[in-house]
1. Can you pick out the pairs among LYS193/LYS249; LYS191/LYS249; LYS37/LYS107 whose Cα atoms lie more than 20 Å from each other?
2. Got a sec? Charge dipole of region 157-229, +1 on Cβ for Lys and Arg, -1 for Asp and Glu; which of GLY159, LEU200, VAL224 is way out at the positive end?
3. Could you sort the peptides 202-213, 155-166 by per-residue average Cβ neighbour count (10 Å cutoff), highest mean leading?
4. When only C-alpha pairs under 8 Å and at least 6 residues apart count, what is the relative contact order of region 120-168, in percent?
5. With +1 on each Lys and Arg Cβ and -1 on each Asp and Glu Cβ, and nothing else charged, work out how big the dipole of region 174-254 is about its Cα centre, in Debye to the nearest 20.
6. Mind giving me the nanometre distance, one decimal, between the label points for GLN201 and LEU26, set 7 Å out from Cα along Cα→Cβ?
7. Can you give the local net charge around LEU69? Use residues other than it whose beta-carbon is closer than 11 angstrom to its beta-carbon, Lys and Arg +1, Asp and Glu -1.
8. Assuming R0 = 25 Å, what is the FRET efficiency of GLU48 and PHE142, from their Cβ-Cβ distance, to the nearest 0.05?
Amino acid sequence: MFDKMASTAWINDYALPWGINILIALAVFVVGRWIAKGVIAIIRRLLERAGLDEILQNFILSIANGVLLLVVVIAALDRLGVDTTSLVALIGAAGLAIGLALQDSLKNFAAGVMLIVFRPFRAGDFVEAAGTQGVVEKINIFSSTFRTPDNREIVIPNGAIYADVITNYSARPTRRIDLVFGIGYGDDIRKAKAVIESVLQAEPRLLKDPAPVIAVAELGASSVDLHVRPWVATADYFATMCDLKEHIKIAFDENGISIPFPQMDLHHFQSESAKAA
C-alpha cells in the first residue's frame, strides 16, 4: 500500500509534470521551427525583390535561420525549466571570444558584404585593386578571385580590396585612348596633325562622338609633343591603342616626320701641351 502511494506521488509530482513539460517543449520546438521556415520564406522573397546578389541572399538567409533556430531552442529549454539567462550569457561570451579570435576573418567578411551590396565591380570586370590588375572571376564572402592578363589566378582578401582604391576599367561602355607623339622642331606641325587625322579616320573602331582630339600639348626640350585622344568601346581599348601607335609611326616615316629621341653631344677639347705633342 505504501509503495503504491509512493508511486502515485512520484507520478503526480515528477513524471506527469515533466512529461507535460517535455511535450510542451517539443510542441514549442516544432511550432517554432514551422514559424521560422515561414519567416525565412518571407525574407527570401523580400531579398529577391530587392535584387541582392545570390551570394549575399544565401548568407543573410543562413544567418537568419541560425538566429531563429537559436531562439526556438532557447524557448523550448525555458519551458523545460533550464536557466536560459545563463545560457544566453554563455553564448554571448563564446561569441565574443570567437569574434576576437577571428578579427581578420570578420574584417574580410564585412568587406565582402560591402562589395556585394555596393558592387564597385562584378564578375567579368577588369579592375585594379589591392595592387593587382585582372579580370574578376569570383566574389566570395571572405575573398575574391582575380585572373591576371598572363592567366595567373590570384585570391585577394576582401579586406585588402575594400581598404584600397578600386579602379574598374570595365564600368563604363567607352574609354579614351591617351597617346603622346613627339615631333622635331623642324617638322611641320600642321602636316603632322593631318597625318595623324588620316590614320584616325581610317580606324573603324574609333567613335565619332566624342570626336578625337589632336592638339599641341607641350614644347619640350627636344620635341613638340602632340596629344592624340580618340574614344573607343571599352572592349576595343588595348588592341586599338597598340594599332594606332604602330600605324601613326609608319605614317610619320612615310611622310618624313621625325620622332626625336634623347641624344648626347660630346665636345672634345685638347690642351695646348697635347696639341704640341
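FYI, it's all coordinate maths here, none of it is from the lab. Because the structure is predicted, anything quoted here is derived from the model rather than measured. Virtual Cβ from ideal backbone geometry, glycine too; neighbours counted across all protein chains shown.
1. LYS37/LYS107
2. LEU200
3. Ranked from most to least packed, the peptides come out as 155-166, 202-213.
4. Computed value for region 120-168: 36 percent relative contact order.
5. 240 debye
6. 9.0 nm
7. +2
8. Efficiency at R0 = 25 Å is approximately 0.55.
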